[in-house]
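I have placed the structure first, in the form of structure tokens, so that the comments after it can refer back to it.
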Amino acid sequence: MKNYTLNVKGCCQLHQEIAYVADLYRANYIITKADIEYLKELPAFTVLLIKTTKSRKLEICPPREIRSQQLSDEAADFLYELGVKLVISDDESMMNKHFFSVVAPTCLHGIEPGYYSCSCDENSCMLSDVPPGTLPIGVRRDGSLYSRIQWGSTTTSNPYFWICNLIDDDIERNGGTWGANTHGPANAILDFFGEEKNISCIRIFHNVGSPISIEEEMASAIRLYVSNDEKCSHFGNDKADINSVDWTEIVSVQMEMKEQWNTYFLKTPVTAKYVRIELVKNFDAPPDVPWTETAELKIFPVR
């Protein structure tokens, strides 16, 4: 059970509305529409809680200046179009004039991102678990699909670079990435615990895993594919021929050498049991630094 009571002033009266908690501390100082546009792919909600650097307790690596974060007019208009009635943020700088109420408690630390049931009065806001059935089976609290690693062409014994870091919700540089010990390419296959899922959106957090890693180790190009071939769950060792299966490419992008979330909306949703991520190559890292990395992969179903 997840229950939180927030001491906030000026909330509108709400009873058992659906709320969503978004952790945007990795966004820039001005939160843009691009930072939150993925929310349109999620089940509807009317209350949005925004966590910024103000609620960050762990050390941010590499260190960076912490400024107040604000909501751009374009982002605010987008939230209004989504049907948001109330925004609760840990940063008072967001309390500008918008089409909806914006209130600010002192901190949102410890509140897991995702869906909650929300009731508010003038002095407080209570979050509790959403009623059963609010989210489809196989969908996590944050709206992404439960997934697991089926196969990888490379991993290491160092926790900084384990392949399972792709789905561990940790986006810190010192929290680990999938660090492939090669200049590229490297491949991983994920599935949805044997289920077939309709996919509409992919999010990748790009980062390197160790505090001493150089940014050139990030993948400079990433491709994503889908398949329904059961052979995907029966590959053997790292020498298996991944191209012996028919794959359909759904995303092919040139990445920025920058620590940030990247969101990709599929023009046509796809139905698949397996997703393959390919780190094509790094940003020309030195020959003695054979690493190609990315940090987090989230896959979202059709709304």
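So the values come out like this:
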quantity	calculated
Test result for residue 177, farther than 28 Å from residue 17 by Cβ and either crowded, with 20+ Cβ neighbours inside 10 Å or of a type in the set (D, E, K, R) (or both)	yes
Segment 1-25: number of residues that are out of contact with any helix residue (DSSP H, G or I) (no Cβ under 9 Å at 6 or more places or on another chain) and open to solvent by less than 70 Å² (accessible area, probe 1.4 Å)	12
Residue 78, sole failed condition from (1) in contact with a helix residue (DSSP H, G or I) (Cβ under 6 Å, 6 or more places away or on another chain); (2) of a type outside the set (S, T, N, Q); (3) modelled with pLDDT under 90; (4) open to solvent by 10 Å² or more (accessible area, probe 1.4 Å)	(3)
Residue in segment 56-76 that is assigned to a helix (DSSP H, G or I) and basic (Lys, Arg) present	no
Residue match in segment 62-73 (condition: touching a residue at least 12 places away in the same chain (Cβ under 8 Å), closer than 20 Å to residue 4 by Cα and open to solvent by less than 50 Å² (accessible area, probe 1.4 Å))	no
Residue within segment 25-41 that is at pLDDT below 85, of a type in the set (A, V, I, L, M, F, W, C) and in contact with an Asp or Glu (Cβ under 7 Å, 6 or more places away or on another chain) present	yes
Output for segment 259-273, where each listed residue is touching a strand residue (DSSP E or B) at 6+ places or on another chain (Cβ under 7 Å) and open to solvent by 10 Å² or more (accessible area, probe 1.4 Å)	259, 260, 261, 262, 263, 264, 265, 266, 269, 270, 271, 273
Qualifying residue in segment 233-256 (condition: surrounded by 13 or more Cβ atoms within 10 Å (Cβ to Cβ), in a strand (DSSP E or B), touching an Asp or Glu at 6+ places or on another chain (Cβ under 8 Å) and not hydroxyl-bearing (Ser, Thr, Tyr))	no
Qualifying positions in segment 145-159 - in a loop (DSSP other than H, G, I, E, B) and either of a type in the set (D, E, K, R) or out of contact with any helix residue (DSSP H, G or I) (no Cβ under 8 Å at 6 or more places or on another chain) (or both)	146, 156, 157, 158
Any hit, segment 194-213, residues being under 27 Å from residue 139 (Cα atoms), open to solvent by 20 Å² or more (accessible area, probe 1.4 Å) and part of a loop (DSSP other than H, G, I, E, B)	yes
Pairs where the first residue, in segment 281-299, is more than 19 Å from residue 142 (Cβ to Cβ) and the second is open to solvent by 20 Å² or more (accessible area, probe 1.4 Å) and hydroxyl-bearing (Ser, Thr, Tyr), C-beta under 7 Å, 6+ apart	290/182; 292/182
Members of segment 117-136 found to be open to solvent by less than 30 Å² (accessible area, probe 1.4 Å) and either of a type in the set (A, V, I, L, M, F, W, C) or within 23 Å of residue 199 (Cα to Cα) (or both), listed by number	118, 120, 125, 127
Restricting segment 274-303 to residues that are outside any strand (DSSP E or B) and either farther than 19 Å from residue 153 by Cβ or among the basic types (Lys, Arg) (or both), the residue that is most open to solvent (accessible area, probe 1.4 Å)	303
Test: residue in segment 152-160 that is modelled with pLDDT under 90, touching a Ser or Thr at 6+ places or on another chain (Cβ under 7 Å) and open to solvent by 50 Å² or more (accessible area, probe 1.4 Å)	yes
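Conditions tested, residue by residue: (1) in contact with a Lys or Arg (Cβ under 8 Å, 6 or more places away or on another chain); (2) in a helix (DSSP H, G or I); (3) free of Cβ contacts under 8 Å to residues at least 60 places away in the same chain; (4) of a type in the set (Asp, Glu).
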residue	(1), (2), (3), (4)
87	no, no, yes, no
96	no, no, yes, no
105	no, no, no, no
116	yes, no, no, no
125	no, no, no, no
135	yes, no, no, no
143	no, no, no, no
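The values are calculated or read from the model by the stated rules, or taken from the named source; none is laboratory data. Just so you know, these numbers come straight off a predicted model, no measurement behind them. Here Cβ is always computed from backbone atoms with ideal geometry, including for glycine, and neighbour counts include all displayed protein chains. Surface accessibility is based on the protein's heavy atoms, side chains included, excluding ligands, DNA and RNA. Shrake-Rupley method; radii C 1.70, N 1.55, O 1.52, S 1.80 Å.
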